[in-house]
Amino acid sequence: MPKFNLPRIMLAAPASGCGKTTVTCALLQWMIRRGMSVSAFKCGPDYIDPMFHSQIIGAQCRNLDLFFTGEDTVRYLFQRNCAGNEIAVIEGVMGYYDGIGVSTQASSYALAKALQTPVILVINARGMALSAAAQIKGYVEFRGDSQIKGVIINNISQTVFSELKEQITKETGIEVLGYVPKMADCALQSRHLGLVTAQEVKDLKEKLDCLADQLEKTVDIPRLLEIARTAQEISYSEPFAPQTIEEPPVNIGVAKDRAFCFYYEDNLQLLRDLGARIITFSPLEDPKIPQDLDGLLLGGGYPELYACQLSENQGMLSSIKSAIESGMPTIAECGGFMYLHRCLQTSDGAVYPMADVIKENSYPKEKLGRFGYITLTAQKDNLLCNKGEQLAAHEFHYWDSTDPGHSFTAQKPQREICWDCAYTTDYFYGGYPHLYFYSNPDTARCFLKKAREYQLKNREMRKQNG
């Protein structure tokens, strides 16, 4: 079994909203400004934070998720995506020990253990003094193998920090690496799916430079890097045997713009590894889908924010509807699924015609209805799998459908909560659940097999037509 080692660090927190994304982005910016080659990762299924990491490091950040895959696959993906770099930075998710239900399964803690990664805990000390020491002590001692090696205090003044630092170390035995004061001008905004996308933050580069400057002044970054170098060696194995790639490659069109931006980069890379050529296009800007496509992937995003522009692009809507009705293999997740509805209603009540592939309407709700990790069980044979087979997925959306479909049953882990979802045929999947192909690589293989059949059918038709 191959072995791998690389300096690495995880930035985690007691809860969401403590500032771990801000500190992670500041650290990445600091590293890049000094010419360091760094790999960035996000624990869990989130799409938004990796966009910020990618904006900073100029390369794709990857997700690592222990609900979607086992430890060995996570270690394989980690080492693969670290290739050629000198350090890795992992951002945790939610509270450090928060996993599925009231367990540590799929938590930041579980990932740190699986990757043998030292952890720096980011504490929001707003409204606290010595109680911060109690909180830190609790996190360090809650599990004997906590992996926590240092602390950064957020939202604290220099005066309070200077009084508190020594006491925290005395009470907890954990190094305090520094602090970050309240920096309202550099705050990253929030929206219903979490942080706004990186492209939408005004003066992002200036904000990140300001944060990096502050981190350099008040955090012992050299010591943080020393801790990163204490990471232990890990072993891994490839999750499946290499495939023989047929020629020519199948062409998979991927909708990618401001409206459709939620993609797991490892999903796209797995499609490439299995013989696909990824061709991106914009449902907002392009007049129609690219020529000679053999399959379509319509990811999630914010179509509700661009509903008017999407609806006005009739050429694109028509070309997508025609392609799907011709049998082109298609995966449409969440926002992409909404785009294929008859109509999309926005939060102000306006209704916009869409692609009319799904003969239902998509509309806003006041709160999340179905969200979180789910296991999908197929109710019939379909594009992705056979009847009875299961896929790991997740849902997170404030929009719903007048009928979200009945091709799969979604089951919440550790809870007796389930619902029907998704539309499928032997060449189509459309639903609110987001898929992660490494949870079941056969899903990607089935999709590309249908794309190859579609390619060969069209090639034969062109021959017959001269």
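Odds and ends about this structure:
- Every test in (1) under 23 Å from Leu448 (Cβ atoms); (2) crowded, with 23+ Cβ neighbours inside 10 Å; (3) more than 19 Å from the chain's Cα centre (by Cα) is passed by Leu344 save one, and that test is (1).
- Checklist (1) over 20 Å from Lys165 (Cα atoms); (2) assigned to a helix (DSSP H, G or I) applied to Val140, failing item: (1)
- Test: Ser107 is more than 20 Å from Glu226 (Cβ to Cβ), polar (S, T, N, Q) and modelled with pLDDT under 95: no
- Subset of the range 29-51 (residues that are assigned to a helix (DSSP H, G or I) and over 17 Å from Phe78 (Cβ atoms)): Gln29, Trp30, Met31, Ile32, Arg33, Ile48, Met51
Residues are listed down the side, and each one gets a yes or a no for (1) surrounded by fewer than 24 Cβ atoms within 10 Å (Cβ to Cβ); (2) of a type in the set (Ser, Thr, Tyr); (3) under 21 Å from Ala451 (Cα atoms):
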site: Thr330; (1), (2), (3): no, yes, yes
site: Cys334; (1), (2), (3): no, no, no
site: Tyr339; (1), (2), (3): no, yes, no
site: Asp381; (1), (2), (3): yes, no, yes
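- For Leu115, the conditions (1) over 30 Å from Ser235 (Cα atoms); (2) touching a residue at least 24 places away in the same chain (Cβ under 8 Å) are fulfilled apart from (1).
- Test: residue in the range 111-129 that is in the same structural domain as Gly178 (by TED's automatic domain parsing), assigned to a helix (DSSP H, G or I) and closer than 26 Å to Arg34 by Cβ: yes
Matching residues to (1) buried (at least 22 other Cβ atoms within 10 Å of the Cβ); (2) modelled with pLDDT of 95 or more:
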position	(1), (2)
Lys207	no, no
Cys210	no, no
Lys217	no, yes
Ile221	no, yes
Ala228	no, yes
Pro239	no, no
Pro242	no, no
Val250	yes, yes
Arg258	no, no
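- Residue check, Tyr423 touching a helix residue (DSSP H, G or I) at 6+ places or on another chain (Cβ under 6 Å) and farther than 20 Å from Ile100 by Cα: no
- Residue check for Thr425: β-branched (Val, Ile, Thr) and touching a Phe, Trp or Tyr at 6+ places or on another chain (Cβ under 9 Å): no
The values are calculated or read from the model by the stated rules, or taken from the named source; none is laboratory data. None of the values given here were measured: they were computed from a predicted structure. Positions of Cβ are generated from backbone atoms using ideal geometry, with glycine treated the same way; all protein chains shown enter the neighbour counts.
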